[in-house]
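Working notes, beginning with the structure itself.
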Amino acid sequence: MVETVNGTAHIAVAASIGEGPEGPRLFISFHVREVNWTTRFYLKLIDPSRRYFVYPSLLSQIAHSWERAGWDPLVEPLDGEEQ
């Protein structure tokens, strides 16, 4: 989980890996808390770019990294984790 606070928003991002119908699936959750009156306006303004550019690009980069590394998160746990 990653959390950040700035002058516009308080954002928490959590990620987990689970088994999907076609193999490993990455689940990402974003929680945004309003900091002031500009938060809602700002989020509505950037919503199209987040949905169509930022999130797909982020997920694609993660998937490509997994493929290049040949890593299967359901078979090979991260260091320090047990199956």
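At-a-glance table
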read-out: Qualifying residue in the stretch 65-74 (condition: of a type in the set (Lys, Arg) and either modelled with pLDDT of 90 or more or surrounded by 10 or more Cβ atoms within 10 Å (Cβ to Cβ) (or both)); value: no
read-out: Which listed residue is in contact with a His (Cβ under 8 Å, 6 or more places away or on another chain) and at pLDDT 85 or above, from VAL35, VAL2; value: VAL35
read-out: Single residue of the stretch 33-61 satisfying the filter (closer than 24 Å to GLU19 by Cβ and either touching a strand residue (DSSP E or B) at 6+ places or on another chain (Cβ under 6 Å) or not aliphatic (A, V, I, L, M) (or both)) that is most open to solvent (accessible area, probe 1.4 Å); value: GLN61
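The values are calculated or read from the model by the stated rules, or taken from the named source; none is laboratory data. Treat the numbers as computed from the prediction; the structure is a model and nothing was measured. Don't worry about glycine lacking a Cβ; one is built from the backbone with ideal geometry, like all the others, and counts go over all protein chains shown. In case anyone asks, the SASA skips ligands and DNA or RNA and just uses the protein heavy atoms, side chains included. Shrake-Rupley method; radii C 1.70, N 1.55, O 1.52, S 1.80 Å.
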